[in-house]
Amino acid sequence: MDRETVRALVERLNRDAAQIAARFGLSYHSIEAERPRVRRRYGVCYADGRIRIRLRHNATGEPLKYSSLVNTLCHELAHLKHFNHGERFKAFYLRLLEYARREGLYQPSRRVPGSSAPTRSAGTPPRLDRTSRPEQLTLFG
């Protein structure tokens, strides 16, 4: 991925983060691209308010789908209020994600390519249980 693509993605994520943060009264320091060699996580939120988001697919190095990046952004922004993965965090994360969907910032695909998984309507929030894979993990397309 070239520098211009990275710059454009980070700039777009910063605009979207500012909109989401303003709506929910959140304050963060910066949104940055994660280092290219990081492969174990999609994003990280530090106690000082810095957020790093992985932009590239592990195997191909190609940019991840923007909906996946916004999903990660919402997850990391939720950590600004709840620095854990408890029930209050999950509920707040889903509120952020639903707001991003309503505002047109988060637009996941309606079905997973190559899958027979059922589609869900545009107004249905993703499920966060351990038995199903969320659609937003579809990384390309």
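Summary of computed values
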item: Sequence ranges 58-67, 13-22, ranked by mean other-Cβ count within 10 angstrom, highest first; result: 13-22, 58-67
item: ARG40 paired with MET1, simple spin-label distance in nm, labels 7 Å along Cα-to-beta-carbon; result: 2.0 nm
item: Distance between modelled label sites at ALA8 and SER27, nm, 7 Å Cα→Cβ extension; result: 3.4 nm
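Taken together, the values in this text are just the output of simple stated rules run on the coordinates, not laboratory data. Just so it is clear, the model here is predicted, and its values are computed rather than measured. Methodologically, a virtual Cβ is constructed for each residue, glycine included, from the backbone with ideal geometry; neighbour enumeration extends over all protein chains shown.
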